[in-house]
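Take a look at the structure set out below.
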Amino acid sequence: MANAIFSPWTVDEMDISQYGSLAKALDKLGPEPEWDRAVFTAVFDEDRVSRGLDLCTGRGRIGWQLSRRRVPDRVWEIAASIHSSLMAVDPVVVVVIAEKHPEIPLGPRTIRAMTSIGQGACFWTTHGEPERRERLAMLFGELVDLNDDWRTVLPEDEILYGRVIRVEGTPCDGKGTPVALPPSHGGLGPDRYIAVERAPLVTGDLAIVPEGVDSPTAVRVRIDQLRVRQSPPEVRVGAFRQPVAGTWRLVRVGHIELEYDEDADISAWLDGRADPSATLLPRYSARPTDVDLRIELTIRPDGSFYELTDGRVDAEALAYSGEDYCLGSVFHGYVFVHDGRDYLRSPDEGCDWGSVGRNMYPDIVEELILGPDNTLTRVQNVVDDGMYRIRVTLEYRRFGEPGAEHASK
(Lines give C-alpha, C1' and ligand atoms only; values in the text may rest on other atoms or scores of the structure.)
Protein backbone atom coordinates (compact mmCIF):
# COMPACT_ATOMS: atom_id res chain seq x y z
CA MET A 1 0.00 0.00 0.00
CA ALA A 2 2.90 2.37 0.74
CA ASN A 3 4.13 2.24 -2.84
CA ALA A 4 0.64 3.00 -4.10
CA ILE A 5 0.11 5.97 -1.78
CA PHE A 6 3.52 7.61 -2.14
CA SER A 7 3.76 7.16 -5.93
CA PRO A 8 2.12 9.70 -8.30
CA TRP A 9 -1.64 9.28 -8.56
CA THR A 10 -3.57 9.20 -11.78
CA VAL A 11 -6.76 11.15 -12.49
CA ASP A 12 -10.31 9.99 -12.06
CA GLU A 13 -11.94 8.01 -14.86
CA MET A 14 -14.72 10.59 -15.08
CA ASP A 15 -12.17 13.29 -15.85
CA ILE A 16 -10.60 11.11 -18.55
CA SER A 17 -14.02 10.65 -20.09
CA GLN A 18 -14.80 14.36 -19.83
CA TYR A 19 -11.57 15.57 -21.45
CA GLY A 20 -11.21 12.73 -23.96
CA SER A 21 -7.92 11.14 -22.90
CA LEU A 22 -5.58 10.66 -19.96
CA ALA A 23 -3.07 13.15 -21.40
CA LYS A 24 -5.72 15.84 -21.85
CA ALA A 25 -7.10 15.25 -18.35
CA LEU A 26 -3.64 15.56 -16.83
CA ASP A 27 -3.05 18.76 -18.78
CA LYS A 28 -6.35 20.30 -17.68
CA LEU A 29 -6.07 19.30 -14.01
CA GLY A 30 -2.40 20.16 -13.67
CA PRO A 31 0.17 18.40 -11.51
CA GLU A 32 -0.68 16.27 -8.51
CA PRO A 33 -1.36 18.47 -5.45
CA GLU A 34 1.54 18.80 -3.04
CA TRP A 35 0.80 17.10 0.25
CA ASP A 36 2.61 15.82 3.29
CA ARG A 37 -0.39 14.30 5.08
CA ALA A 38 -3.29 12.38 3.57
CA VAL A 39 -6.37 10.96 5.27
CA PHE A 40 -8.38 8.29 3.48
CA THR A 41 -11.80 7.53 5.03
CA ALA A 42 -13.93 4.50 4.13
CA VAL A 43 -17.40 4.17 5.66
CA PHE A 44 -19.03 0.72 5.59
CA ASP A 45 -22.76 0.76 6.35
CA GLU A 46 -24.46 -2.53 5.48
CA ASP A 47 -24.30 -2.82 1.68
CA ARG A 48 -23.16 0.80 1.15
CA VAL A 49 -19.57 2.03 1.06
CA SER A 50 -18.60 5.70 0.85
CA ARG A 51 -15.09 7.08 0.54
CA GLY A 52 -13.40 10.37 1.35
CA LEU A 53 -9.97 11.97 1.03
CA ASP A 54 -8.33 14.98 2.69
CA LEU A 55 -4.86 16.32 1.82
CA CYS A 56 -2.73 18.77 3.80
CA THR A 57 0.39 20.84 3.08
CA GLY A 58 2.37 22.61 5.76
CA ARG A 59 2.84 21.77 9.42
CA GLY A 60 1.42 23.40 12.49
CA ARG A 61 -1.94 24.35 11.02
CA ILE A 62 -4.84 22.71 9.28
CA GLY A 63 -4.59 23.64 5.61
CA TRP A 64 -6.66 20.87 4.13
CA GLN A 65 -7.76 20.56 0.54
CA LEU A 66 -9.61 18.09 -1.63
CA SER A 67 -8.04 16.30 -4.60
CA ARG A 68 -9.44 15.36 -7.98
CA ARG A 69 -6.81 12.71 -8.38
CA ARG A 70 -7.85 9.08 -8.22
CA VAL A 71 -6.95 7.39 -4.95
CA PRO A 72 -5.02 4.17 -5.58
CA ASP A 73 -7.34 1.16 -5.48
CA ARG A 74 -4.95 -0.57 -3.07
CA VAL A 75 -5.95 1.87 -0.32
CA TRP A 76 -9.62 0.92 -0.53
CA GLU A 77 -8.76 -2.79 -0.80
CA ILE A 78 -6.83 -2.60 2.48
CA ALA A 79 -9.69 -0.68 4.12
CA ALA A 80 -12.16 -3.36 3.00
CA SER A 81 -9.86 -6.05 4.36
CA ILE A 82 -9.68 -4.32 7.75
CA HIS A 83 -13.47 -4.01 7.79
CA SER A 84 -13.91 -7.72 7.07
CA SER A 85 -11.43 -8.74 9.76
CA LEU A 86 -13.28 -6.80 12.47
CA MET A 87 -16.47 -8.87 12.15
CA ALA A 88 -18.26 -5.89 13.70
CA VAL A 89 -21.79 -4.65 13.19
CA ASP A 90 -21.95 -1.75 10.73
CA PRO A 91 -21.50 1.15 10.55
CA VAL A 92 -17.72 0.82 10.60
CA VAL A 93 -15.26 3.54 9.62
CA VAL A 94 -11.71 2.72 8.55
CA VAL A 95 -9.29 5.66 8.41
CA VAL A 96 -5.87 5.33 6.75
CA ILE A 97 -3.40 8.13 7.55
CA ALA A 98 -0.25 8.72 5.47
CA GLU A 99 2.56 11.16 6.37
CA LYS A 100 5.71 12.16 4.44
CA HIS A 101 7.52 14.12 7.23
CA PRO A 102 9.20 16.63 4.85
CA GLU A 103 10.71 18.55 7.78
CA ILE A 104 13.19 15.68 8.31
CA PRO A 105 15.86 15.27 5.58
CA LEU A 106 15.33 11.86 4.03
CA GLY A 107 12.69 11.45 6.71
CA PRO A 108 10.44 8.44 7.06
CA ARG A 109 7.13 7.97 5.33
CA THR A 110 4.57 6.41 7.59
CA ILE A 111 1.15 4.82 7.29
CA ARG A 112 -1.22 4.02 10.11
CA ALA A 113 -4.86 3.02 10.35
CA MET A 114 -7.63 3.45 12.89
CA THR A 115 -11.19 2.20 13.11
CA SER A 116 -14.41 3.34 14.72
CA ILE A 117 -17.41 1.05 15.05
CA GLY A 118 -21.06 1.34 15.91
CA GLN A 119 -23.10 4.50 16.05
CA GLY A 120 -20.15 6.54 17.32
CA ALA A 121 -18.52 6.03 13.92
CA CYS A 122 -20.89 8.53 12.35
CA PHE A 123 -18.67 11.40 13.59
CA TRP A 124 -16.21 10.35 10.87
CA THR A 125 -18.85 10.45 8.13
CA THR A 126 -19.93 14.08 8.06
CA HIS A 127 -18.19 16.46 5.65
CA GLY A 128 -19.53 19.49 7.49
CA GLU A 129 -17.46 22.03 9.33
CA PRO A 130 -16.21 22.34 12.03
CA GLU A 131 -16.46 18.58 12.61
CA ARG A 132 -14.18 17.80 9.67
CA ARG A 133 -11.56 20.28 10.89
CA GLU A 134 -11.76 18.87 14.42
CA ARG A 135 -11.32 15.22 13.52
CA LEU A 136 -8.31 16.00 11.33
CA ALA A 137 -6.74 17.97 14.19
CA MET A 138 -7.33 15.01 16.51
CA LEU A 139 -5.49 12.67 14.14
CA PHE A 140 -2.35 14.81 14.13
CA GLY A 141 -2.40 16.33 17.61
CA GLU A 142 -2.91 19.87 16.33
CA LEU A 143 -4.67 22.74 18.03
CA VAL A 144 -8.14 23.71 16.86
CA ASP A 145 -10.41 26.58 17.85
CA LEU A 146 -13.53 25.22 19.55
CA ASN A 147 -15.19 28.62 20.03
CA ASP A 148 -17.73 28.19 17.27
CA ASP A 149 -21.27 29.53 17.47
CA TRP A 150 -23.75 27.05 18.91
CA ARG A 151 -27.48 27.26 18.26
CA THR A 152 -30.58 25.32 19.28
CA VAL A 153 -31.58 22.36 17.10
CA LEU A 154 -34.79 23.14 15.16
CA PRO A 155 -37.56 20.85 13.89
CA GLU A 156 -36.53 21.83 10.34
CA ASP A 157 -32.96 20.51 10.74
CA GLU A 158 -32.39 17.61 8.33
CA ILE A 159 -28.61 17.01 8.12
CA LEU A 160 -27.65 16.39 11.74
CA TYR A 161 -26.17 12.89 11.36
CA GLY A 162 -22.56 12.91 12.57
CA ARG A 163 -22.71 16.44 13.99
CA VAL A 164 -21.28 17.28 17.40
CA ILE A 165 -24.02 18.13 19.90
CA ARG A 166 -24.00 19.85 23.28
CA VAL A 167 -26.73 19.37 25.88
CA GLU A 168 -28.11 22.23 27.97
CA GLY A 169 -29.75 21.60 31.34
CA THR A 170 -31.00 18.31 32.74
CA PRO A 171 -31.55 16.09 29.69
CA CYS A 172 -35.09 14.84 29.06
CA ASP A 173 -36.69 12.88 26.24
CA GLY A 174 -39.57 14.12 24.13
CA LYS A 175 -42.08 13.20 26.86
CA GLY A 176 -40.20 15.27 29.43
CA THR A 177 -38.82 12.23 31.26
CA PRO A 178 -35.25 12.76 32.56
CA VAL A 179 -32.66 10.55 30.89
CA ALA A 180 -29.13 9.53 31.90
CA LEU A 181 -26.37 10.57 29.51
CA PRO A 182 -23.16 8.53 29.69
CA PRO A 183 -19.91 10.55 29.74
CA SER A 184 -18.05 11.27 26.50
CA HIS A 185 -14.36 10.43 26.00
CA GLY A 186 -13.39 12.36 22.89
CA GLY A 187 -10.08 14.14 22.53
CA LEU A 188 -11.60 17.63 22.31
CA GLY A 189 -13.14 18.00 25.73
CA PRO A 190 -16.03 16.69 27.81
CA ASP A 191 -19.77 16.90 27.22
CA ARG A 192 -19.59 16.35 23.48
CA TYR A 193 -22.16 14.07 21.87
CA ILE A 194 -22.79 12.92 18.31
CA ALA A 195 -26.16 12.97 16.51
CA VAL A 196 -27.01 9.54 15.09
CA GLU A 197 -30.15 10.62 13.23
CA ARG A 198 -30.52 12.97 10.29
CA ALA A 199 -33.47 14.82 11.77
CA PRO A 200 -35.60 15.08 14.92
CA LEU A 201 -38.50 12.69 15.29
CA VAL A 202 -42.16 13.52 15.73
CA THR A 203 -41.64 13.03 19.47
CA GLY A 204 -39.57 16.23 19.46
CA ASP A 205 -36.28 14.58 20.37
CA LEU A 206 -33.08 13.37 18.72
CA ALA A 207 -30.87 10.32 19.33
CA ILE A 208 -27.31 11.14 20.42
CA VAL A 209 -24.30 9.11 21.62
CA PRO A 210 -21.22 10.12 23.62
CA GLU A 211 -18.18 11.07 21.55
CA GLY A 212 -15.17 8.76 21.69
CA VAL A 213 -17.05 5.60 22.74
CA ASP A 214 -17.19 2.57 20.45
CA SER A 215 -20.62 0.92 20.09
CA PRO A 216 -22.39 3.34 22.47
CA THR A 217 -26.08 3.18 23.29
CA ALA A 218 -28.10 6.07 21.87
CA VAL A 219 -30.10 8.31 24.18
CA ARG A 220 -33.03 10.47 23.05
CA VAL A 221 -32.98 14.11 24.19
CA ARG A 222 -35.48 16.92 23.57
CA ILE A 223 -34.27 19.16 20.75
CA ASP A 224 -34.81 22.42 22.65
CA GLN A 225 -32.01 21.20 24.96
CA LEU A 226 -29.59 20.43 22.12
CA ARG A 227 -27.06 22.79 20.54
CA VAL A 228 -25.33 22.33 17.18
CA ARG A 229 -22.82 24.28 15.06
CA GLN A 230 -24.06 24.67 11.52
CA SER A 231 -26.00 27.20 9.50
CA PRO A 232 -29.66 27.11 10.52
CA PRO A 233 -32.21 25.86 8.02
CA GLU A 234 -34.15 28.57 6.25
CA VAL A 235 -37.49 29.19 7.96
CA ARG A 236 -39.81 31.42 5.97
CA VAL A 237 -43.01 32.89 7.35
CA GLY A 238 -46.21 33.01 5.33
CA ALA A 239 -49.95 33.40 5.73
CA PHE A 240 -53.15 31.38 5.31
CA ARG A 241 -56.84 32.04 4.74
CA GLN A 242 -58.28 28.87 6.32
CA PRO A 243 -57.80 28.15 10.07
CA VAL A 244 -55.08 25.56 9.50
CA ALA A 245 -52.64 26.45 12.30
CA GLY A 246 -51.93 23.52 14.61
CA THR A 247 -50.68 19.95 14.40
CA TRP A 248 -52.16 17.49 11.90
CA ARG A 249 -51.58 13.74 11.69
CA LEU A 250 -51.37 11.98 8.32
CA VAL A 251 -53.99 9.25 8.05
CA ARG A 252 -54.45 8.47 4.35
CA VAL A 253 -52.62 8.79 1.03
CA GLY A 254 -53.96 8.57 -2.53
CA HIS A 255 -52.22 8.65 -5.89
CA ILE A 256 -53.58 8.74 -9.44
CA GLU A 257 -51.99 9.16 -12.85
CA LEU A 258 -53.79 9.72 -16.14
CA GLU A 259 -53.14 8.29 -19.57
CA TYR A 260 -51.21 10.64 -21.83
CA ASP A 261 -53.43 13.01 -23.80
CA GLU A 262 -51.74 15.59 -26.02
CA ASP A 263 -54.93 17.69 -26.03
CA ALA A 264 -55.32 17.76 -22.24
CA ASP A 265 -55.75 21.06 -20.42
CA ILE A 266 -52.55 21.12 -18.41
CA SER A 267 -53.41 24.37 -16.64
CA ALA A 268 -56.71 22.97 -15.43
CA TRP A 269 -54.94 19.97 -13.94
CA LEU A 270 -52.37 22.12 -12.13
CA ASP A 271 -55.27 24.20 -10.85
CA GLY A 272 -56.66 21.09 -9.15
CA ARG A 273 -59.56 20.40 -11.49
CA ALA A 274 -60.60 16.87 -12.44
CA ASP A 275 -60.73 15.47 -15.97
CA PRO A 276 -63.71 13.08 -16.11
CA SER A 277 -62.95 12.14 -19.72
CA ALA A 278 -59.42 10.96 -18.95
CA THR A 279 -58.39 7.34 -18.41
CA LEU A 280 -56.68 6.37 -15.18
CA LEU A 281 -53.56 4.25 -15.38
CA PRO A 282 -54.57 1.01 -13.59
CA ARG A 283 -51.51 0.82 -11.36
CA TYR A 284 -52.31 4.23 -9.88
CA SER A 285 -56.09 4.09 -9.65
CA ALA A 286 -56.34 2.25 -6.33
CA ARG A 287 -58.39 3.73 -3.52
CA PRO A 288 -56.53 5.86 -0.95
CA THR A 289 -54.68 3.75 1.62
CA ASP A 290 -54.37 4.26 5.36
CA VAL A 291 -50.97 5.29 6.69
CA ASP A 292 -49.72 3.05 9.50
CA LEU A 293 -47.04 5.52 10.56
CA ARG A 294 -46.92 8.55 12.77
CA ILE A 295 -46.28 11.54 10.52
CA GLU A 296 -47.34 14.97 11.73
CA LEU A 297 -47.58 18.31 9.97
CA THR A 298 -47.30 21.36 12.25
CA ILE A 299 -48.36 24.73 10.85
CA ARG A 300 -47.27 27.65 12.99
CA PRO A 301 -49.41 30.79 13.39
CA ASP A 302 -46.84 32.70 11.31
CA GLY A 303 -47.48 30.41 8.29
CA SER A 304 -44.25 28.42 8.47
CA PHE A 305 -44.60 24.64 8.82
CA TYR A 306 -42.59 21.49 9.42
CA GLU A 307 -43.35 17.80 9.14
CA LEU A 308 -41.79 15.06 11.29
CA THR A 309 -41.98 11.26 11.30
CA ASP A 310 -41.80 8.49 13.91
CA GLY A 311 -38.49 7.15 12.62
CA ARG A 312 -40.00 4.25 10.71
CA VAL A 313 -40.12 6.45 7.64
CA ASP A 314 -37.55 8.89 6.30
CA ALA A 315 -38.01 11.95 4.09
CA GLU A 316 -38.21 9.80 0.95
CA ALA A 317 -40.52 7.05 2.21
CA LEU A 318 -43.73 8.46 0.77
CA ALA A 319 -42.13 9.23 -2.58
CA TYR A 320 -43.40 7.05 -5.39
CA SER A 321 -41.05 4.72 -7.21
CA GLY A 322 -39.41 6.13 -10.30
CA GLU A 323 -40.24 9.74 -9.51
CA ASP A 324 -37.32 11.92 -8.49
CA TYR A 325 -39.45 14.80 -7.25
CA CYS A 326 -40.52 13.10 -4.02
CA LEU A 327 -44.28 13.29 -4.28
CA GLY A 328 -45.80 12.81 -0.89
CA SER A 329 -42.48 13.21 0.86
CA VAL A 330 -42.02 14.91 4.20
CA PHE A 331 -40.82 18.47 3.86
CA HIS A 332 -40.71 21.88 5.56
CA GLY A 333 -41.77 25.26 4.24
CA TYR A 334 -44.46 27.90 4.40
CA VAL A 335 -48.12 28.46 3.53
CA PHE A 336 -49.13 31.39 1.34
CA VAL A 337 -52.39 32.72 -0.09
CA HIS A 338 -53.11 33.35 -3.77
CA ASP A 339 -56.57 34.24 -5.10
CA GLY A 340 -58.15 33.16 -1.83
CA ARG A 341 -56.55 29.69 -1.80
CA ASP A 342 -53.82 28.29 0.46
CA TYR A 343 -50.70 26.81 -1.12
CA LEU A 344 -47.46 25.22 0.13
CA ARG A 345 -43.83 25.75 -0.80
CA SER A 346 -40.46 25.03 0.72
CA PRO A 347 -38.31 28.15 1.32
CA ASP A 348 -36.12 27.64 -1.77
CA GLU A 349 -38.92 26.81 -4.21
CA GLY A 350 -40.97 28.85 -6.60
CA CYS A 351 -41.79 29.12 -10.29
CA ASP A 352 -44.07 31.09 -12.55
CA TRP A 353 -47.11 28.87 -13.02
CA GLY A 354 -49.98 30.96 -11.73
CA SER A 355 -47.59 32.41 -9.15
CA VAL A 356 -48.21 29.34 -6.99
CA GLY A 357 -45.93 26.63 -8.44
CA ARG A 358 -43.53 24.71 -6.20
CA ASN A 359 -41.27 23.38 -8.88
CA MET A 360 -40.55 23.23 -12.61
CA TYR A 361 -39.66 20.09 -14.59
CA PRO A 362 -41.97 18.68 -13.43
CA ASP A 363 -44.51 21.35 -12.64
CA ILE A 364 -45.87 20.94 -9.11
CA VAL A 365 -48.65 22.97 -7.52
CA GLU A 366 -49.48 22.03 -3.93
CA GLU A 367 -52.68 23.22 -2.27
CA LEU A 368 -54.12 22.90 1.25
CA ILE A 369 -57.87 22.30 1.52
CA LEU A 370 -59.67 22.27 4.87
CA GLY A 371 -62.69 19.95 4.74
CA PRO A 372 -66.02 20.36 6.53
CA ASP A 373 -65.24 17.37 8.79
CA ASN A 374 -62.06 19.07 10.05
CA THR A 375 -59.78 17.11 7.76
CA LEU A 376 -56.90 18.81 6.01
CA THR A 377 -56.01 17.60 2.52
CA ARG A 378 -52.67 18.36 0.92
CA VAL A 379 -53.13 18.05 -2.84
CA GLN A 380 -50.12 17.81 -5.15
CA ASN A 381 -51.01 18.50 -8.78
CA VAL A 382 -48.16 17.47 -11.07
CA VAL A 383 -47.44 17.65 -14.79
CA ASP A 384 -44.27 15.84 -15.88
CA ASP A 385 -42.60 16.52 -19.24
CA GLY A 386 -45.49 18.81 -20.06
CA MET A 387 -47.83 15.88 -20.69
CA TYR A 388 -48.09 13.32 -17.85
CA ARG A 389 -50.68 14.25 -15.22
CA ILE A 390 -50.26 13.01 -11.64
CA ARG A 391 -52.14 13.85 -8.46
CA VAL A 392 -51.20 12.89 -4.90
CA THR A 393 -53.56 13.54 -1.99
CA LEU A 394 -52.46 13.38 1.63
CA GLU A 395 -55.26 13.50 4.19
CA TYR A 396 -54.58 14.71 7.73
CA ARG A 397 -56.70 14.94 10.87
CA ARG A 398 -56.09 17.48 13.57
CA PHE A 399 -54.02 15.94 16.35
CA GLY A 400 -56.33 14.49 19.02
CA GLU A 401 -59.35 14.29 16.70
CA PRO A 402 -61.16 10.93 16.26
CA GLY A 403 -59.68 8.95 13.37
CA ALA A 404 -56.11 10.11 13.93
CA GLU A 405 -55.27 7.68 16.75
CA HIS A 406 -54.45 4.64 14.60
CA ALA A 407 -51.34 6.38 13.26
CA SER A 408 -49.86 6.78 16.73
CA LYS A 409 -49.38 3.09 17.39
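The values are calculated or read from the model by the stated rules, or taken from the named source; none is laboratory data. No experiment lies behind these values; they were computed from the predicted model shown. With ideal geometry, Cβ positions are generated from the backbone for all residues, glycine too; neighbour counts draw on all protein chains shown. Only protein heavy atoms, including side chains, enter the accessible area calculation; ligands, DNA and RNA are left aside. Shrake-Rupley method; radii C 1.70, N 1.55, O 1.52, S 1.80 Å.
Overview of results
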{"read-out": "Per residue, in Å², the accessible surface of segment 1-125 once ligands and nucleic acids are set aside, probe 1.4 Å", "value": "55"}
{"read-out": "Selection of GluC sites (Glu not before Pro), segment 165-252, meeting DSSP coil and at most 16 other Cβ within 10 Å", "value": "E168, E234"}
{"read-out": "Loop-resident sites, segment 123-179, for trypsin sites (Lys or Arg not before Pro), counting at most 13 other Cβ within 10 Å (DSSP)", "value": "K175"}
{"read-out": "Alpha carbon convex hull of the chain, projected area averaged over orientations, nm²", "value": "25.3"}
{"read-out": "Heavy atoms of T10 accessible to a 1.4 Å probe, total area in Å² rounded to 10", "value": "60"}
{"read-out": "Residues R300 and F140, FRET efficiency given R0 of 56 Å [Cβ-Cβ distance, rounded to 0.05]", "value": "0.80"}
{"read-out": "Rounded to whole Hz, the Karplus (6.51, -1.76, 1.60) HN-Hα couplings of segment 180-192, x for glycine and proline", "value": "9, 9, x, x, 9, 9, x, x, 10, x, x, 6, 10"}
{"read-out": "3J(HN,Hα) from dihedral phi, segment 197-206, Karplus parametrisation 6.51/-1.76/1.60, rounded to Hz, x for glycine, proline", "value": "9, 6, 8, x, 8, 4, 6, x, 10, 9"}
{"read-out": "Computed accessible area, S346, all protein chains, 1.4 angstrom probe, square angstrom", "value": "10"}
{"read-out": "Probe 1.4 Å, all protein chains present, accessible-area order of D348, D373, D275, largest first", "value": "D348, D373, D275"}
{"read-out": "Within the accessible area of segment 90-220 (1.4 Å probe), percent carbon and sulfur", "value": "54"}
{"read-out": "Relative contact order (%) - the chain, alpha-carbon pairs under 8 angstrom, separation at least six", "value": "11"}
{"read-out": "FRET E, pair M387, R287, Förster distance 30 Å, beta-carbon r, rounded to 0.05", "value": "0.70"}
{"read-out": "For V179, distant residues with modelled amide H under 5 Å away", "value": "C172, D173"}
{"read-out": "Distance from segment 1-31 to segment 135-214 (C-alpha centre basis), Å", "value": "39"}
{"read-out": "Helix-only [θ]222 nm of the chain, DSSP H runs n ≥ 4, -39500 (n - 2.57) each, per residue, nearest 500", "value": "-3000 deg cm²/dmol"}
{"read-out": "Length added when fully stretched, H101-C172, from 0.36 nm per residue minus Cα-Cα", "value": "20.8 nm"}
